[in-house]
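Quick notes on the structure that follows.
Read-outs: derived from the displayed coordinates by stated rules, not from any lab. These numbers were taken from a predicted model, which means no experiment stands behind them. Counting neighbours? That spans all protein chains shown, and the Cβs are built from the backbone with ideal geometry, glycine included.
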Amino acid sequence: MINKLDYEIWVLDFLGNSQDLFYGKTDISTIQLTNRQQNANISEGIQEHIGASYGQRIIDALTPLTFTASYKILDMVYEWILEENESIGVISDVPWRFSQKLKLIKNTNLQYPPLFADNPYLKDYSFAFFTNLLPYRNEVIHSHSFSVTRDNISLVDKKTSGILELDRMQMGYLVKLVLALAQCLTGKISFDVYLDRLIKYHFDKLAMIHKLQIFNQKLPLVVKVELTVPKEDNGYTADLKFVREQVSRIHPQQDVLFNLAIIAQDKDCIIGEWYFPVNDVPNIDVLDIEKEQYNGFKQG
């Protein structure tokens, strides 16, 4: 599938990165804690702002291309799924008309890739996008029924007189959604807990398109926590409940995930360091880092 989408993915990735630069992209921040001590040192990521008004006007002018390229990626995702089902005999052939593809997908018990099978909401919501955006895609391509005013694109479905308006941020959400789906399906990125929540957040922001139930997902944030664990009578035990409480206190309005670096310290001497990526942070209150089961996370 990835070979069919090289150009569209390149264009959307470029435009998505350009938007990040325009609005200011913040690197991951670090929260430095000492076991069970309330004071925290927060090192914010470096924030860069690039005020490129002319460059942004170019991005805005390319909005119709961005929209149609986004739909093209959705189409190729489902065309690939249909081709896979054709290869195992579930369907006899893959139609080329969009309307025929939609009808076939709706009326056939297709086999879906593990990403969709294991996370049914991805299939349901992306298919709602594929269905509900088709009339607007056709109008852009065949009738040029759209207008772009500053950072807003207005799309018209002449058959139903429906109007879909997307601003710059919403177009960015659409771009990020279709890129995430394509890159997960092709194995370029992994579908982890952060991406799951980020996709749900973007679906919520585009509820006017899918028209399905929202997830009420806050914007997820990933931070790094460095936890110093001084030696105690019973050795080195990291208080993860304390860590979660401090992270929530510092970021009360966001859904925060964290990578965890643990530094075991005896007076001024560092005894050992452990690193747990987001998906591997143990979901327990107290962690005895000297247990053998955590040897794989020890650094050095």
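Just the ratio, please: alpha-carbon radius of gyration of the chain over 2.2 N^0.38 Å, N its number of residues.
Cα Rg divided by the expected 2.2 N^0.38 Å: 1.22.
Based on the mean of other beta carbon atoms within 10 Å per residue, what is the order of 195-206, 263-274, most packed first?
195-206, 263-274
Per residue of segment 165-182, what does 6.51 cos²θ - 1.76 cosθ + 1.60 with θ = phi - 60° give for ³J(HN,Hα)? Whole Hz please, x for Gly and Pro, Karplus curve as stated.
Rounded to whole hertz, the list is 10, 10, 8, 4, 5, 5, 5, x, 4, 4, 4, 5, 5, 5, 5, 4, 4, 5.
What's the local net charge at Glu273, with K and R +1, D and E -1, over the other residues with C-beta under 11 Å away?
For residues surrounding Glu273, the net value is 0.
With 25 Å as the limit, write out which pairs from Lys241/Lys291; Lys72/Lys224; Lys123/Lys158; Lys267/Lys298; Lys158/Lys200 have Cα-Cα distances beyond it, or answer none.
Over 25 Å Cα-Cα: Lys72/Lys224; Lys123/Lys158; Lys158/Lys200.
In percent, how large is the relative contact order of the chain, given Cα pairs closer than 8 Å and 6 or more residues apart?
Once normalised by length, the contact order is 17 percent.
How large is ³J(HN,Hα), in whole Hz, for each residue of segment 253-259 in order, when computed from phi with the Karplus curve 6.51 cos²θ - 1.76 cosθ + 1.60 and θ = phi - 60°, using x for Gly and Pro?
9, 10, 8, 10, 10, 9, 7
Based on Cα positions only, what radius of gyration and what Dmax would you give for segment 220-297, in angstroms?
Looking at segment 220-297, its Cα Rg and Dmax stand at 12.7, 37 Å.
Mind listing the Cα extents of segment 144-290 along all three principal axes, in Å, largest one first?
Cα extents, longest axis first: 75, 33, 28 Å.
What does the charge add up to near Leu221, with Lys and Arg as +1, Asp and Glu as -1, over the other residues with Cβ less than 10 Å from its Cβ?
+1
Run lengths n ≥ 4 of DSSP H only: what is the helix-derived mean residue ellipticity at 222 nm for the chain, with -39500 (n - 2.57) per run over all residues, to the nearest 500?
Counting only the DSSP helices, I get -13500 deg cm²/dmol.
Mind pulling the angle between the C-alpha long axis of helix 193-205 and the longest principal axis of the chain? Nearest 10 degrees, somewhere in 0 to 90.
40 degrees
Given H placed on each backbone N at 1.01 Å, which residues far from Thr228 in sequence or on other chains put an amide H within less than 5 Å of it?
Leu33, Thr34, Asn35, Ile263
If I stretch the segment between Arg244 and Asn41 completely, what's the gain in nm (0.36 nm per residue apart, minus their alpha carbon distance), one decimal?
Here the answer is 71.6 nm.
Would you please classify the overall shape of segment 96-227 from the alpha carbon gyration tensor, given that a ≥ b ≥ c denote the square roots of the eigenvalues, rounded means a/c under 1.5, and beyond that prolate means a/b larger than b/c while oblate covers the rest?
Cα axes put segment 96-227 in the oblate bin.
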